[in-house]
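A.B. asks: Okay, handing you the structure first.
The values are calculated or read from the model by the stated rules, or taken from the named source; none is laboratory data. This is a predicted model, so every value here is computed, not measured. Cβ sites come from the backbone with ideal geometry, for glycine too, and all protein chains shown count toward neighbours.
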Amino acid sequence: AAKGIPGTASLHFTPDMARAGTDHAHLGAELREAIDDGQLYLLYQPIVALPDRRVLGAEALVRWAHPTHGTMPPRTFLPVAERTGLIVPLSRWVLRAAVRQLADWTATHGADAPAVLNINVSPRDLREPEFAAEVAALLDEYGIEPHRITLELTESMPGDPGESATTLTALRSLGVRVSLDDFGTGHSTLTMLHDCPIDQLKLDGSVTRAERAPMAATVLRLADSLGLQTIAEGVETPDQAELLHELGYRTAQGFLFARPLSPAEFGELLTSAAAA
Ligand code: C2E
Ligand code: MG
Ligand code: MG
Ligand code: MG
């Protein structure tokens with residue numbers, strides 16, 4: 001209960017918390033190694049058109065092949081990365097791996113390669129003064145046109161939008177697109193949406209469930225009026241997809257269409273889509 005109140009944390013300090021603290025420090029050290037030793041890898045979840053499910057793009061999602069704990073999902077290590085600042089080298093690794101993959105798919109599949117790759121970044125990354133320049137250099141190195149990359153920022157992350165705005169503006173003037181992730185779960189205000197230099201809204205899965213259809217409809221109208229693209233995420237059932245389509249959503253992502261796939265699985269999907 002004392003969490004967040006300076007000076008009171010020790011009142012409720014228990015041996016369990018001490019152990020948890022040690023584990024976090026330990027995990028941080030392991031994560032540093034993981035980034036350097038190639039233990040991270042990316043899965044790619046298709047982003048599809050409604051209703052025909054044509055693959056329009058993909059979202060890169062990080063995993064950690066931990067030497068003893070097995071595969072670790074991002075929720076187990078991203079909070080540690082955020083707290084320790086390791087998110088900056090982690091994001092650098094993710095960006096390079098993802099852009100390289102897009103270049104590989106483009107070389108192999110040509111026009112059937114995903115048109116756009118969405119990559120998650122942290123508000124912390126945007127506070128790096130050289131971030132936009134690094135992204136530009138990376139795209140140049142792999143010969144990827146900036147409009148083929150969308151950077152996703154989650155709405156529920158703390159971070160000063162003002163401070164990030166300079167970087168967002170620089171990225172967008174390169175042609176890179178910016179997406180506000182998990183919309184409907186966080187603290188975005190209408191003013192922020194209006195003022196923030198973004199191109200796309202990702203409607204969170206919790207809002208795309210049928211009982212919240214009025215919200216999903218309102219968000220779409222809002223996005224349209226601000227000139228923002230939309231992606232409905234977390235689509236799990238045919239009913240949900242049908243409803244979203246009826247409401248006017250044209251782009252979606254979710255287990256109904258495909259789970260996050262390995263690069264090989266994604267490649268097979270592209271090959272079979274091209275053959276069909
Ligand atoms: P996100 O960016 O909102 O990504 C979507 C998450 O929802 C993914 O979880 C995905 O596997 C999951 N998902 C996809 N379709 C469905 C569905 O139909 N139903 C449900 N229930 N879930 C679905 P994942 O991969 O565990 O990632 C969790 C979060 O971790 C991401 O949420 C994102 O915020 C963060 N994350 C993932 N990869 C990266 C990364 O490379 N860098 C950064 N900074 N954050 C990342
Ligand atoms: Mg995302
Ligand atoms: Mg999301
Ligand atoms: Mg989400």
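A.B. asks: Can you tell me how many residues in region 187-207 are within 16 Å of ligand 4 (Cβ to nearest atom), in a loop (DSSP other than H, G, I, E, B) and exposed (fewer than 15 other Cβ atoms within 10 Å of the Cβ)?
C.D. replies: 1
A.B. asks: Return the only residue of Glu246, Glu211, Glu233, Glu242 being closer than 29 Å to Ala81 by Cα and acidic (Asp, Glu).
C.D. replies: After applying the criteria, what remains is Glu233.
A.B. asks: Is there any pair with a first residue in region 93-119 that is at negative phi and away from ligand 1 (no atom under 11 Å from the Cβ) and a second that is at pLDDT 95 or above and polar (S, T, N, Q) whose Cβ atoms are under 6 Å apart and which are 6 or more apart or on different chains, and what are they?
C.D. replies: Ala113/Thr106; Val116/Thr150
A.B. asks: A further question follows. Within region 261-274, identify whether any single residue is modelled with pLDDT of 90 or more, within 18 Å of the chain's Cα centre (by Cα), within 16 Å of ligand 4 (Cβ to nearest atom) and surrounded by fewer than 21 Cβ atoms within 10 Å (Cβ to Cβ), and answer yes or no. Give the steps one after another, and end with the answer.
C.D. replies: So the first thing to find is which residues in region 261-274 are modelled with pLDDT of 90 or more, and the list is 261-272.
Cutting the leftovers down to within 18 Å of the chain's Cα centre (by Cα) gives us 261-263, 266.
After this cut, where a residue has to be within 16 Å of ligand 4 (Cβ to nearest atom) as well, the list is none.
Checking region 261-274: not a single residue is modelled with pLDDT of 90 or more, within 18 Å of the chain's Cα centre (by Cα), within 16 Å of ligand 4 (Cβ to nearest atom) and surrounded by fewer than 21 Cβ atoms within 10 Å (Cβ to Cβ).
A.B. asks: Do we find that Asp224 is without any contact (Cβ under 8 Å) to a residue 60 or more places away in the chain, within 16 Å of ligand 1 (Cβ to nearest atom) and surrounded by fewer than 20 Cβ atoms within 10 Å (Cβ to Cβ) in this structure? Talk me through it step by step, then tell me what you get.
C.D. replies: Details: without any contact (Cβ under 8 Å) to a residue 60 or more places away in the chain: yes; within 16 Å of ligand 1 (Cβ to nearest atom): no; surrounded by fewer than 20 Cβ atoms within 10 Å (Cβ to Cβ): yes.
For Asp224, the condition - without any contact (Cβ under 8 Å) to a residue 60 or more places away in the chain, within 16 Å of ligand 1 (Cβ to nearest atom) and surrounded by fewer than 20 Cβ atoms within 10 Å (Cβ to Cβ) - is not met.
A.B. asks: Another question about this same structure. Quick one: which of Arg172, Arg177 is within 16 Å of ligand 3 (Cβ to nearest atom), touching a residue at least 24 places away in the same chain (Cβ under 8 Å) and surrounded by 15 or more Cβ atoms within 10 Å (Cβ to Cβ)?
C.D. replies: Values: Arg172 fails: within 16 Å of ligand 3 (Cβ to nearest atom).
From the options Arg172, Arg177, the qualifying one is Arg177.
A.B. asks: Which of the residues spanning region 208-246 are away from ligand 2 (no atom under 16 Å from the Cβ) and part of a loop (DSSP other than H, G, I, E, B)?
C.D. replies: If we filter region 208-246 for residues that are away from ligand 2 (no atom under 16 Å from the Cβ), which is where we start, we get 209-227, 236-246.
If the condition is that a residue be away from ligand 2 (no atom under 16 Å from the Cβ) and part of a loop (DSSP other than H, G, I, E, B), then Arg209, Gly227, Glu236, Thr237 are the ones that fit.
A.B. asks: A further question on this structure: Would you say Leu56 is over 20 Å from Ser122 (Cβ atoms), among the aliphatic types (A, V, I, L, M) and under 17 Å from the mean Cα position of the chain (by Cα)? Spell out the reasoning first.
C.D. replies: Numbers: over 20 Å from Ser122 (Cβ atoms): yes; among the aliphatic types (A, V, I, L, M): yes; under 17 Å from the mean Cα position of the chain (by Cα): yes.
Judged against the criteria, Leu56 is a match.
A.B. asks: Give me the residue from region 21-54 that is part of a helix (DSSP H, G or I) and of a type in the set (Gly, Ala, Ser) and, out of that set, farthest from Val94 (Cα to Cα).
C.D. replies: Step one: of region 21-54, the residues part of a helix (DSSP H, G or I) are 21-37.
Still in the running and of a type in the set (Gly, Ala, Ser): 21, 25, 28-29, 34.
Details: Gly21: 27, Ala25: 22, Gly28: 17, Ala29: 18, Ala34: 12 Å.
In this case the residue turns out to be Gly21.
A.B. asks: For region 239-276, how many residues meet the condition of being closer than 19 Å to Gly110 by Cα and in contact with a Pro (Cβ under 9 Å, 6 or more places away or on another chain)?
C.D. replies: 3
A.B. asks: Still on this structure, I have one more. So in region 172-197, with the set limited to residues that are within 16 Å of ligand 2 (Cβ to nearest atom), more than 14 Å from the chain's Cα centre (by Cα) and not small (Gly, Ala, Ser), which one is modelled with the highest pLDDT? Break it down into steps so the answer makes sense when it comes.
C.D. replies: The first filter runs over region 172-197 and keeps only residues within 16 Å of ligand 2 (Cβ to nearest atom), leaving 176-186, 188.
So of that shortlist, the ones also more than 14 Å from the chain's Cα centre (by Cα) come out as 176, 184-186, 188.
This time we only want the ones that are not small (Gly, Ala, Ser), so: 176, 185.
Numbers: Val176: 98, Thr185: 82.
Checked region 172-197; the qualifying residue modelled with the highest pLDDT is Val176.
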